[in-house]
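Participant: Attaching a single structure in structure tokens format; questions to follow.
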Amino acid sequence: MTMLTARLHPPARKEGVCYNGLYCVEFDGELIVVDSRDPEHDLARALLARGLTGKVTMLDAKTGKPRTVIDIAKAAELCVSEESRDGLRIRKYRGSPDSTPPTAEDEGDPSHHAPRGKRGCMSHSHSGPPANSG
């Protein structure tokens with residue numbers, strides 16, 4: 001069984017720029033999720049759409065240390081929901097064509113950008129081994 005790995009890139013933190021909480025995820029050298037507030041579940045849906053199943057280990061892009069292990073099929077069915085009364089909760093994903101996770105190909109589409117129209121993640125270049133499917 002092949003071990004799948006992905007790299008989680010944190011939101012850019014720049015002086016004078018509001019923190020946006022939007023993460024990017026790199027898989028096999030490609031940003032497959034951009035500007036996400038729910039990167040684990042969005043990654044699972046993106047991988048499932050590519051026909052990948054099993055588990056994926058999410059690595060910290062800066063340190064290369066594992067952050068979480070995700071069951072792709074199970075996580076693809078879930079999402080994080082912020083509710084005024086209860087705070088953050090994991091709920092069943094009720095997707096629609098307009099709610100697919102943004103990908104690197106969507107960068108030209110302003111509807112998939114951070115609120116100020118700027119890329120929300122730090123550079124995806126890194127010095128460690130590339131995140132890959134093998």
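Just so it is clear, none of the values below were taken in a lab; they were calculated from the coordinates. Worth saying up front: this structure is predicted, and the values here are computed from it rather than measured. With ideal geometry, Cβ positions are generated from the backbone for all residues, glycine too; neighbour counts draw on all protein chains shown.
Participant: Most exposed first by the Cβ proxy, i.e. fewest other Cβ within 10 Å, how do S36, S84 rank?
Facilitator: S84, S36
Participant: Cα gyration tensor of segment 1-61, axes a ≥ b ≥ c as square roots of the eigenvalues: rounded (a/c below 1.5), prolate (a/b > b/c) or oblate?
Facilitator: Prolate.
Participant: Need one number: % antiparallel among DSSP beta bridges in segment 1-79, to the nearest 5.
Facilitator: Values: 13 of 18 bridges.
If I count the DSSP bridges inside segment 1-79, around 70 percent turn out antiparallel.
Participant: So what is the relative contact order for segment 37-86, in percent, with contacts set as C-alpha pairs under 8 Å and at least six apart?
Facilitator: Computed value for segment 37-86: 42 percent relative contact order.
Participant: What does the highest-first list of 39-48, 52-61, 73-82 look like by mean Cβ count within 10 Å? Kindly include the intermediate steps, with their values, before the conclusion.
Facilitator: On the way: 39-48: 24.0, 52-61: 18.1, 73-82: 16.1.
Those peptides, ordered most packed to least, come out 39-48, 52-61, 73-82.
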